[in-house]
Each structure stands twice: as structure tokens, then as C-alpha cells.
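The values are calculated or read from the model by the stated rules, or taken from the named source; none is laboratory data. Everything numeric in this text was worked out from a predicted model, so none of it was measured. Backbone-built Cβ (ideal geometry, glycine too); neighbour counts: all protein chains shown.
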């Protein structure tokens with residue numbers, strides 16, 4: 001019996017490039033909306049069109065319609081698309097299926113395992129091929145992310161522990177708010193011990209998952225002539241700059257117009273005692 005040997009290597013590779021800058025405004029732009037045939041979705045899209053035109057200055061809204069949610073999009077609608085974004089598992093199959101629906105030669109794409117937040121983009125009429133990019137998180141997602149690390153509970157394994165050079169302490173900071181509160185009342189020797197060890201930047205990188213903050217902290221840690229007070233101030237300012245919402249526009253991020261509190265700034269500026277829980 002003959003044995004068939006397959007070569008798992010690929011000669012093609014997906015190029016990775018920087019994403020295009022976000023539009024500063026939708027004013028004067030054209031937006032496409034797809035009605036997938038579900039109940040009353042046209043009412044939602046009509047309301048969305050009104051919102052886009054009145055509040056964002058969109059110049060034109062083009063409506064597309066599918067026969068129903070279970071059937072694929074008609075070829076005439078697909079043909080109007082200039083670009084295709086593929087996400088999830090086997091995105092190369094998505095691009096291939098799109099091409100076959102139009103009778104177009106599919107782009108050459110090697111199998112790729114996309115990480116969360118990544119996608120492939122194919123400009124159908126351009127010669128640049130397929131590009132891999134990372135999707136920028138929405139403002140709501142960034143706010144949830146920041147609030148989690150600012151005032152949530154990271155758990156025992158991901159919390160920061162102030163222990164000191166003799167390891168006589170075991171002060172747990174389960175978020176950035178408590179980290180800054182503890183830092184203000186911490187003795188200088190303990191603060192400087194962790195600073196010189198590079199523990200702060202490591203925590204920001206490994207537990208907070210913030211590479212930029214970790215880089216800023218590492219720069220502060222490497223400045224050996226900084227006093228405890230000055231290093232506290234600089235590190236606190238770096239944290240507040242990235243996790244304080246006071247500088248953000250006062251805009252609604254939920255339907256109930258809920259304002260997210262600014263725990264770090266409040267913990268550093270308020271002198272009134274906290275009200276006991278009821």
C-alpha cells in the first residue's frame with residue numbers, strides 16, 4: 001500500500017502591518033448597514049441611520065438586505081464590497097468562501113491561528129494581498145478593562161504584596177487603587193526595596209497586563225537617585241494618567257448614562273473619612 005506524505009510547510013505567509021488610523025469624525029462619510037432579515041431589525045437600522053445623520057453628520061447611508069438570517073448574502077451585495085474582514089478559526093476559509101460565491105480567484109493565504117482581537121483584511125481590488133491586524137478595543141471595553149484593574153479584585157495569585165527587605169510584611173494590594181493607598185502609608189525602606197528590585201514594573205507587566213505602564217515604571221526604577229517620595233509621586237502620576245477617567249470626556253457609555261467613578265484620583269485627593277457600609 002502506498003504511503004502519502006504531506007508537507008506541512010507553506011511558502012506563503014500573511015504580512016503584518018500597522019492598522020490605518022481611526023477616523024476623527026464620521027461627518028461627510030458613507031456608512032453601509034445590513035438588514036439580516038430578523039424581526040424588526042429594519043426599525044433598529046432606521047433609528048441608527050437617523051442617529052448617524054443627526055449626531056455624527058454622516059452624509060449617506062446605504063442599506064443592504066439579506067433574504068433571511070439563515071441564508072448567505074446575495075452575490076450582488078457581496079460584489080459591492082471592496083474589502084473583507086475575516087475573524088475566528090480558519091479565516092482563510094472565510095476569504096475562500098467569499099471569493100467562490102463571486103466566482104473570483106481567492107487570495108493566497110497560508111493557514112493562520114489568529115489570537116484574540118486579531119483579524120485578516122483583504123482589499124479585493126488591490127494588489128497588496130491579505131494583511132493581518134489587531135482590532136482596537138471599543139471605548140466601553142477599555143473602560144471596563146481599566147475599572148477592573150483600578151478597583152476590582154485581581155485574586156490572590158495576581159495581587160501585589162508589600163513584604164519588605166526582611167519579608168516581615170504581607171500587605172496585599174488586589175488592585176491599583178489599594179496599591180496606591182498602601183504606597184502612601186508605606187515606610188520608605190519597604191517602598192524602595194520593591195522599587196530597586198523592579199517589582200512594580202514586573203507586576204504591571206505580568207498581572208496588570210499593561211506594557212506601557214510597566215515601561216514607565218521600569219524607567220523610574222532605574223533612576224537610582226530618586227527619593228522614596230519622588231518615586232512614589234512619579235509612579236502614582238503614571239498610574240493616574242492611564243487609569244483615571246477624570247480626563248476623559250463626560251460621555252455616556254451605557255444606556256443609563258452611568259458615570260464610572262474615578263477611584264484612584266478620589267483615593268489620593270479626598271480627606272474625608274469613608275462612610276461605613278449600610
The condition from (1) under 14 Å from residue 233 (Cα atoms); (2) surrounded by 14 or more Cβ atoms within 10 Å (Cβ to Cβ) that residue 164 misses is numbered (1)
Out of 141, 100, 92, report the one residue that is part of a helix (DSSP H, G or I) and at pLDDT below 85.
-> 141
Please name all residue pairs, on different chains or six or more residues apart, with Cβ atoms under 7 Å, provided the first residue is in the stretch 57-74 and is in the same structural domain as residue 40 (by TED's automatic domain parsing) and on the phi > 0 side of the Ramachandran plot and the second residue is surrounded by 11 or more Cβ atoms within 10 Å (Cβ to Cβ) and assigned to a loop (DSSP other than H, G, I, E, B).
-> 57/26
Quick one: count up the residues across the stretch 15-66 that are in a loop (DSSP other than H, G, I, E, B), at pLDDT 90 or above, surrounded by 12 or more Cβ atoms within 10 Å (Cβ to Cβ) and out of contact with any helix residue (DSSP H, G or I) (no Cβ under 7 Å at 6 or more places or on another chain).
-> 3
